[in-house]
Amino acid sequence: MAHAAPAPGTPIRGGRGDAPKAITPPPDIFDNRTHRMARVAVPVLLALVYGYWAAANRRSGGPITGWNLLFGFLTALVFAVVLFAVLTVAPRLRREVHALLWAVFVGASFGFLYNQAGASLVRSVGIPLIVAAVTFIVFFYRFYTREDAVGHRVS
């Protein structure tokens, strides 16, 4: 038999004497130092993967050259700078603009990678527009259900 899961914060019936008990959030196993390091390490790792991916797409399976390595590292640097800017600016925006900023970032990033693979200009613009639209819908739904109209998180 299936039962609906209770929402966080609602009392649960059961246990001794059928007394309600509150749902507690899971414990945070990492300290503040680990979270601060992850805020820098994760975007840097994403940038390195993105730079490698762009360089691999550009060389099309050919030999790795110095120019290809330079292209990959410069792409990773630009990606990291833009990602840090988005991570800094986006939470301060209203939920619509917040979702739009992420959609533009994801669409442009995907379009650049797609273009490096040698696709035509029409495909390099059209498919990333679809990816950006889907990203906007998903992020807007996420922010709409978790933030108020101004952009503050709802507890």
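The values are calculated or read from the model by the stated rules, or taken from the named source; none is laboratory data. Because the structure is a prediction, the values reported are computed rather than measured. Here Cβ is always computed from backbone atoms with ideal geometry, including for glycine, and neighbour counts include all displayed protein chains. Ligands, DNA and RNA are excluded from the accessible area calculation, which covers all protein heavy atoms including side chains. Shrake-Rupley method; radii C 1.70, N 1.55, O 1.52, S 1.80 Å.
Take 102-108, 27-33 and order them by the average number of nearby Cβ atoms within 10 Å per residue, most first; the result is 102-108, 27-33. Extension gain, Trp67 to Ala108, is 12.5 nm, computed as 0.36 nm per intervening residue step minus the present C-alpha separation.
For the range 41-54, the Karplus equation 6.51 cos²θ - 1.76 cosθ + 1.60, evaluated at θ = phi - 60°, returns couplings of 5, 5, x, 5, 5, 4, 5, 5, 5, 4, x, 4, 4, 5 Hz by residue, with Gly and Pro reported as x. The 3J(HN,Hα) values that the Karplus relation (6.51, -1.76, 1.60; θ = phi - 60°) gives for the range 72-88 are, in residue order, x, 5, 5, 5, 5, 5, 5, 4, 5, 4, 5, 5, 5, 5, 5, 5, 7 Hz. Gly and Pro appear as x. Among 57-70, 122-135, the peptide with the highest mean count of other Cβ atoms within 10 Å heads the list, and the full ranking is 122-135, 57-70.
Using alpha carbons only, the radius of gyration of the range 43-155 set against its Kirkwood radius gives Rg/Rh = 1.06. Spin-label model, Ile29/Arg92: points 7 Å from Cα along the beta carbon direction are separated by 3.5 nm. If you sort Tyr50, Tyr114, Tyr144 by accessible surface, 1.4 Å probe, largest first, the order is Tyr144, Tyr114, Tyr50.
Please compute the net charge surrounding Phe140, taking Lys and Arg as +1 and Asp and Glu as -1 over other residues with Cβ under 15 Å from its Cβ. Walk me through the numbers on the way to the answer.
Details: positive: Arg94, Arg95, Arg142, Arg146; negative: Glu96, Glu147, Asp148.
Around Phe140, the surrounding residues sum to +1.
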